[in-house]
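The values are calculated or read from the model by the stated rules, or taken from the named source; none is laboratory data. Keep in mind that what you see is a predicted model, and the values were worked out from it rather than measured. Cβ: placed from backbone, ideal geometry, glycine included. Neighbour counts: every protein chain shown. All accessible areas refer to the heavy atoms of the entire protein, side chains included, with ligands and DNA or RNA removed. Shrake-Rupley method; radii C 1.70, N 1.55, O 1.52, S 1.80 Å.
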Amino acid sequence: MPDSYTNLLYHIVFSTKDRRPLLTPDYQLRLYDYIGGTIRAVGGISLELNGTEDHVRLLAKLRPDRALSDVLRDLKANATGWMHDVFPSLKNFSWQRGYGAFTVSQSNVEEVRQYIARQKDHHQKLSFRDEFLQFYKSKRN
């Protein structure tokens, strides 16, 4: 086969430093647009993007020639600078160093999209920390 074909789908989660609730509705939509543009700039496709005041969830299709760690490092660094420039009141804004990234099969894309879309409702019942621990443990088994 002379060409390569991939479908690299990732459910990515990253949070504000110390999970500070800085991503209020006043900032979310513009930040999500910026993140979506950043994913497009590296040749990826943002399939779903949402979050709460302390974290962002992203379902994205990424290119095979870009390491996930490089994409996330650049995305978070650029989004931090953008937040500082666009929202001067957030001059102390930053992301936590780590992130969660989980592969998603094509058959589960719609389920993950809906899950990400319902983040605000979901986190009224379960904290981000508790949910992340549950999610991480379920993927290790």
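Find the residue count for region 67-92, including only residues that are open to solvent by 30 Å² or more (accessible area, probe 1.4 Å) and basic (Lys, Arg).
2
Based on this model, can you work out whether residue 104 counts as surrounded by 15 or more Cβ atoms within 10 Å (Cβ to Cβ) and β-branched (Val, Ile, Thr)? Steps first, please.
Numbers: surrounded by 15 or more Cβ atoms within 10 Å (Cβ to Cβ): yes; β-branched (Val, Ile, Thr): yes.
Taking the combined requirement at face value, the residue satisfies it.
For region 1-17, what are the residues that are surrounded by 10 or more Cβ atoms within 10 Å (Cβ to Cβ) and either among the small types (Gly, Ala, Ser) or more than 20 Å from residue 66 (Cα to Cα) (or both)?
Matches in region 1-17: 15, 16, 17.
Among the residues of region 43-66, what is the count of those that are within 22 Å of residue 108 (Cα to Cα), open to solvent by 50 Å² or more (accessible area, probe 1.4 Å) and free of Cβ contacts under 8 Å to residues at least 24 places away in the same chain?
The number of residues fulfilling the criteria is 1.
Every residue, every condition in (1) among the hydroxyl-bearing types (Ser, Thr, Tyr); (2) farther than 26 Å from residue 114 by Cα; (3) in contact with a Cys (Cβ under 9 Å, 6 or more places away or on another chain), yes or no:
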site: 12; (1), (2), (3): no, no, no
site: 15; (1), (2), (3): yes, no, no
site: 20; (1), (2), (3): no, no, no
site: 35; (1), (2), (3): no, no, no
site: 39; (1), (2), (3): no, no, no
site: 61; (1), (2), (3): no, no, no
site: 86; (1), (2), (3): no, yes, no
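To keep it simple, each residue is scored yes or no on (1) in contact with a Lys or Arg (Cβ under 7 Å, 6 or more places away or on another chain); (2) at pLDDT 95 or above; (3) assigned to a strand (DSSP E or B).
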residue	(1), (2), (3)
22	no, yes, no
27	no, yes, no
50	yes, yes, yes
53	no, no, no
58	no, yes, yes
72	no, yes, no
79	no, yes, no
92	no, no, no
98	no, no, no
